[in-house]
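Taken together, the values in this text are just the output of simple stated rules run on the coordinates, not laboratory data. Source: prediction; values computed, not measured. Note that each Cβ is placed from the backbone with ideal geometry, even for glycine, and that neighbours are counted across all protein chains shown.
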Amino acid sequence: MTRPAVLRSLQTIVPDTQLVQEDVRDVFAAQPDIGRLAKRIVSASFNGSGIDTRYTVLEELSFSAATESPQFFDRTAGLLLEPGTKARNEVYIREAGRLYVEAARRALDADSDSDITAADITHVITVSCTGFYSPGPDYEIVRALGLRDSTRRYHLGFMGCYASMPALRAASEICAGDPDAVVLVVSVELCTLHLRSSDDPDMIIATSLFADGAAAGIVTARTFDSDVPGLVLDRFHTALIPEGNKDMAWTIGDHGFEMVLSTAVPQLIGEHIHDALRPLYVGEPPLAEAFDGGSISEQITHWAIHPGGRSILDRVEEKLGLTEQQLVPARETLRQYGNMSSATVLFVLRKILEDASTRNGDRVTAVAFGPGLTAETALLTVVAPGRRAE
């Protein structure tokens with residue numbers, strides 16, 4: 001019988017420059033090209049975001065940075081600038097490449113007791129929707145970490161906030177076909193490269209939420225002599241909410257990538273979350289019965305909900321009858337880091353694994369939302385041999 005794939009050695013990184021939400025709000029509200037209504041939307045969006053701090057690769061966005069030739073923010077004049085898409089992507093190439101390699105290296109080094117080495121990696125899957133270049137990050141990781149030239153490489157690009165979930169699913173399927181596979185999954189998103197001043201409410205909402213971050217982990221069905229906690233990848237399901245295909249979208253403009261994120265998204269997710277999750281539990285009758293009976297929160301201990309925004313978390317919590325404690329990992333990720341697109345759900349999963357109350361055998365449901373409107377879901381089981389259930 002084939003052993004299930006396990007996500008292990010999950011690591012996260014954020015850039016050095018921290019943004020305080022109130023300071024960013026004041027900068028955007030002070031821009032001369034937006035009207036009074038837009039200023040009120042800025043205040044409401046930033047104040048109600050559930051975010052305290054975010055991180056960016058753009059050091060010049062810091063109030064303490066001294067930049068001779070600013071591209072994104074003229075601190076002296078207090079003006080947000082509008083570099084072209086090429087200029088933004090050039091920053092992506094420089095900064096994302098560094099984060100990809102560092103995140104991948106940390107995942108490999110995370111478990112010093114394990115005998116996993118660079119020579120064991122058979123596949124690399126990279127994920128991002130905030131920039132492009134080739135040879136890409138998958139190539140850079142192979143060269144920088146000394147992986148074998150024959151390492152098979154895949155890149156999931158421009159899928160949006162849910163993309164780490166199909167990356168994990170692909171890794172799991174690779175391991176099902178090859179029990180000796182060891183797959184390195186790395187997500188890097190530099191969303192702040194595309195933030196800019198605007199009167200458009202959708203753009204303002206995006207500006208109040210998005211941030212930069214990176215995450216990486218190893219997926220394998222092989223057993224290694226280590227007690228590092230991980231997550232068995234039990235089952236995945238993809239659901240579409242076609243009514244929302246115009247409410248969440250991601251396109252390329254002349255001055256960066258343009259996000260559409262309407263205020264209808266939380267309501268649409270709330271209306272369809274049950275349909276999106278139900279197929280995930282069909283294979284396990286006790287969970288299916290609990291789900292249809294409205295008691296799924298009692299059967300699933302942990303919930304890794306992608307914190308696309310505070311209102312999304314509020315709606316999911318209400319519709320599924322989750323407890324406040326079950327939403328803590330998602331809310332804390334949002335509060336500390338903002339929405340880092342595809343990397344965010346991996347941050348939430350890491351918080352769950354690091355929680356001292358998480359026990360071996362606990363069930364986890366992960367959900368990430370993105371353009372389409374798409375809901376990617378997964379059913380997972382905690383593997384933590386050193387933390388037996390009490």
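The table for this structure:
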item	result
Set of lysines near LYS246 by C-alpha distance (under 30 Å), chain-local residues within fewer than 8 positions excluded	LYS39, LYS86, LYS319
Three-way shape label, the chain, alpha-carbon gyration tensor, a/c 1.5	oblate
Unit charges on C-beta of K, R, D, E only; dipole of the chain, Debye	200 debye
Share, in percent, of DSSP beta bridges within the chain that are antiparallel, nearest 5	75 percent
Segment 69-178: trypsin sites (Lys or Arg not before Pro) in DSSP loop, at most 15 other beta carbons within 10 Å	ARG148
Inter-label distance for SER134 and ARG40, nm, one decimal - labels placed 7 Å from Cα along Cα-to-Cβ	4.8 nm
Rounded to the nearest 20 debye, dipole of segment 230-383 from Cβ charges on Lys, Arg, Asp, Glu	280 debye
Using a Förster distance of 35 Å, the FRET efficiency for ARG359-HIS274 (Cβ separation, nearest 0.05)	0.80
Cα-projected label distance for THR223 with THR76, points at 7 Å along beta-carbon direction, nm	6.6 nm
Dipole magnitude of segment 255-313 about its Cα centre (Cβ charges: Lys, Arg +1; Asp, Glu -1), debye to nearest 20	220 debye
Listed residue (GLY309, SER134, ALA384) projecting farthest to the positive dipole end of the chain, Cβ model	SER134
Added length on full extension, which subtracts the Cα-Cα distance from 0.36 nm per residue, THR381 to GLU68	107.6 nm
Amide H contacts under 5 Å for TRP250, placed H, 5+ residues apart	VAL260
Global form of segment 316-361, assessed from the alpha-carbon gyration tensor, a/c cut-off 1.5	oblate
Separation between Cα centres of segment 181-227 and segment 32-86, rounded to whole Å	21 Å
Farthest positive-ward along the chain dipole, Cα basis, beta-carbon charges - from PHE73, LEU195, PHE158	PHE158
Segment 1-79: chymotrypsin sites (Phe, Trp or Tyr not before Pro) in DSSP loop, at most 14 other beta carbons within 10 Å	PHE63
